[in-house]
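Inspection log for the structure reproduced underneath, given as structure tokens.
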Amino acid sequence: MDSMLRGLAMYLFLLMVFRVAGKRSLARASSFDLILLLMIGGLVKDALVNGDESLTNAMLLVLTLVGADALLSRLKRRHRGLAAWLEGLPVVLVREGKPVEPLMEASRVDRQDVLAAAREQGLQGLEQVRYAVLENTGKISIIPRS
Amino acid sequence: MTELEVDEDLAHERRAWRAQKLGWGVITLLLTLGAAGLLGEGPANRRTAAAENLSVRALYERTLRHNAQSELLATVRSDAIAGERALLTVGQEWLSSVKVHSVVPEPEAVRAVPGGMQYEFRAAGGDFDATFHFEPSGFGSVPLRLEAAGHPPLLLRQFILP
């Protein structure tokens with residue numbers, strides 16, 4: 001029971017921390033982001049396991065985390081407001097080639113991030129971008145001008 | 001040209017950004033408290049306290065962390081030591097909330113007395129120091145009572161974080 005409560009508490013804590021950190025945190029999957037994720041994983045593991053390295057404890061923890069995630073997914077599908085708070089909503093950062101600076105600043109996305117996403121689509125500059133959308137996942141989707 | 005079909009809600013997003021700023025405020029506060037040692041560990045967390053007639057003194061951590069090692073240094077003043085025997089009673093409530101791994105120096109005897117356990121040490125002369133190495137196993141505020149035999153007790157509180 002103790003480990004299940006620990007698992008739930010840590011799940012909710014990480015959910016809040018990453019939501020506060022913003023969509024763009026860890027979205028780039030840079031080598032440093034990867035190191036940070038590995039370090040967080042290691043730290044969380046010790047707190048979750050709490051000295052009980054039995055198979056039963058590990059299985060219970062996995063079930064707790066997967067169960068919490070499934071329950072939250074259901075809740076998010078039923079309550080759109082909850083989903084918006086937990087995951088955020090897409091934000092249009094560029095319209096018809098023009099960056100919407102206040103939204104970019106608030107989302108902590110700079111021009112270079114949008115240009116990098118545009119280059120991945122084979123585009124050379126912002127004037128070729130019709131829309132750039134910051135998705136809930138932190139990725140930037142590019143819709144080119146036709 | 002069709003308009004972009006996207007679930008954008010800037011009013012919500014602005015509320016979310018305000019909440020994020022608030023969240024960063026909380027994170028900053030926690031980091032500051034942690035750096036100041038108020039969430040366990042660190043010099044700012046160490047306290048000393050003494051019984052009213054100074055028969056027992058304690059150097060302890062005000063805030064502890066669940067399952068993290070800690071120490072309690074209890075000093076029995078020389079005039080509270082009868083002969084070569086220092087008798088120190090530790091309250092039961094505290095003992096029920098921690099796992100005592102070792103006591104240095106090792107007591108000659110440990111016996112149950114009303115309200116706690118009495119540790120009997122051989123004292124060589126002068127003030128006597130005993131260090132309790134322990135690990136908190138409970139949560140929340142825990143009363144700690146230390147008492148030299150026949151003297152008023154030292155009462156203090158420690159707080160155990162999850």
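The values are calculated or read from the model by the stated rules, or taken from the named source; none is laboratory data. For clarity, every value in this text was computed on a predicted model and none was experimentally measured. Here the Cβ positions follow ideal geometry from the backbone for every residue, glycine too, while neighbour counts run over all protein chains shown. Just so you know, the surface numbers come from the protein's heavy atoms only, side chains and all, with ligands and any DNA or RNA stripped out. Shrake-Rupley method; radii C 1.70, N 1.55, O 1.52, S 1.80 Å.
Extension gain B:GLN92-B:PHE139, at 0.36 nm per residue separation less the Cα-Cα distance, in nm? Mind showing how you got there, number by number?
On the way: separation 47, 0.36 × 47 = 16.92 nm, distance 1.55 nm.
Here the segment from B:GLN92 to B:PHE139 would lengthen by 15.4 nm.
For the range A:63-142, the alpha carbon positions stretch 47, 23, 18 Å along the principal axes, listed from largest to smallest. The calculated pair-distance distribution of the range B:1-75 uses every alpha carbon pair, bins of 5 angstrom beginning at 0, and gives 3, 12, 13, 12, 11, 9, 8, 6, 6, 5, 4, 4, 3, 2, 1, 1, 1, 0 percent. With contributions of -39500 (n - 2.57) from each DSSP H run of at least four residues, the per-residue ellipticity at 222 nm computed over chain B stands at -6500 deg cm²/dmol.
Relative contact order of chain B, please, whole-number percent, based on alpha carbon pairs below 8 angstrom and at least 6 residues apart.
With pairs under 8 Å counted, the relative contact order is 25 percent.
For the range B:57-143, a simple Cβ point-charge model (Lys and Arg +1, Asp and Glu -1, everything else neutral) yields a dipole of about 180 debye relative to the Cα centre. For the range B:89-162, with all protein chains in place and a probe radius of 1.4 Å, 54% of the accessible heavy-atom surface sits on carbon or sulfur. Excluding same-chain neighbours fewer than eight residues apart, the aspartates and glutamates reachable from A:LYS45 by a Cα-Cα span under 16 Å are A:ASP2, A:GLU53. Amide H contacts of A:VAL100: A:VAL94, A:ARG95, each under 5 Å away and 5 or more positions distant or on a separate chain (H built 1.01 Å from N in the peptide plane; Pro and chain starts excluded). Accessible area per residue for the range B:1-124, computed on protein heavy atoms with a 1.4 Å probe, is 60 Å². Computed across the protein assembly as shown, the Kirkwood radius stands at 24.1 Å (inverse of mean 1/r, all Cα pairs).
For the range B:49-105, take N as its residue count and report Rg(C-alpha) divided by 2.2 N^0.38 Å. Display every interim value, and only then the final one.
Values: Rg = 12.8 Å, N = 57, 2.2 N^0.38 = 10.2 Å.
With N residues counted in the range B:49-105, Rg over 2.2 N^0.38 Å equals 1.25.
Considered as an equivalent ellipsoid built on the Cα gyration tensor, the range A:1-80 has semi-axes of 23, 20, 10 Å, the largest given first. Between A and B, buried accessible area from a 1.4 angstrom probe totals roughly 2000 Å², ignoring ligands, DNA and RNA. Around the amide H of B:VAL113, modelled in the peptide plane, lie the amide H atoms of B:GLN118, all under 5 Å away and 5 or more residues distant in sequence or on another chain.
What number, in percent, do you get for the relative contact order of the range A:2-97 if the mean sequence gap of Cα pairs under 8 Å and at least 6 apart is divided by its residue count? Mind dumping the intermediate values first?
Working: 37 pairs, mean separation 40.2, N = 96.
Rounded, it is 42 percent for the range A:2-97.
Please compute the modelled spin-label separation between B:LEU33 and A:LEU38, points set 7 Å along Cα→Cβ, answer in nm with one decimal. With each label point 7 Å from Cα toward Cβ, the separation is 3.3 nm. Against the compact-protein benchmark of 2.2 N^0.38 Å, the Cα-based radius of gyration of the range B:1-156 scales to 1.62.
For the range A:1-66, the per residue solvent-accessible surface stands at 65 Å², with DNA, RNA and ligands left out and a 1.4 Å probe. The spread of Cα positions in the range A:76-115, taken along each principal axis and listed from longest to shortest, comes to 35, 19, 16 Å.
Heavy-atom accessible area with a 1.4 Å probe sorts B:PHE159, B:PHE139, largest first, into B:PHE139, B:PHE159. Based on protein heavy atoms only, the range A:94-139 ends up with 57 Å² per residue of surface accessible to a 1.4 Å probe.
Straight-line cross-link partners of A:LYS98 among the lysines, defined as a Cα under 26 Å from its Cα and at least 8 positions apart when in the same chain: A:LYS23, A:LYS139. Ranking A:ALA68, B:LEU155, A:ALA9 by Cα position along the charge dipole of the protein assembly as shown, where only Lys, Arg, Asp and Glu carry charges on their C-beta atoms, puts A:ALA68 farthest toward the positive end. As a fraction of the 1.4 Å probe accessible area of chain A, surface on carbon and sulfur atoms comes out at 64 percent. Applying the Karplus relation 6.51 cos²θ - 1.76 cosθ + 1.60 with θ = phi - 60° to the range A:62-67 yields 3J(HN,Hα) values of 4, 5, 4, 5, 5, x Hz, where x marks Gly and Pro.
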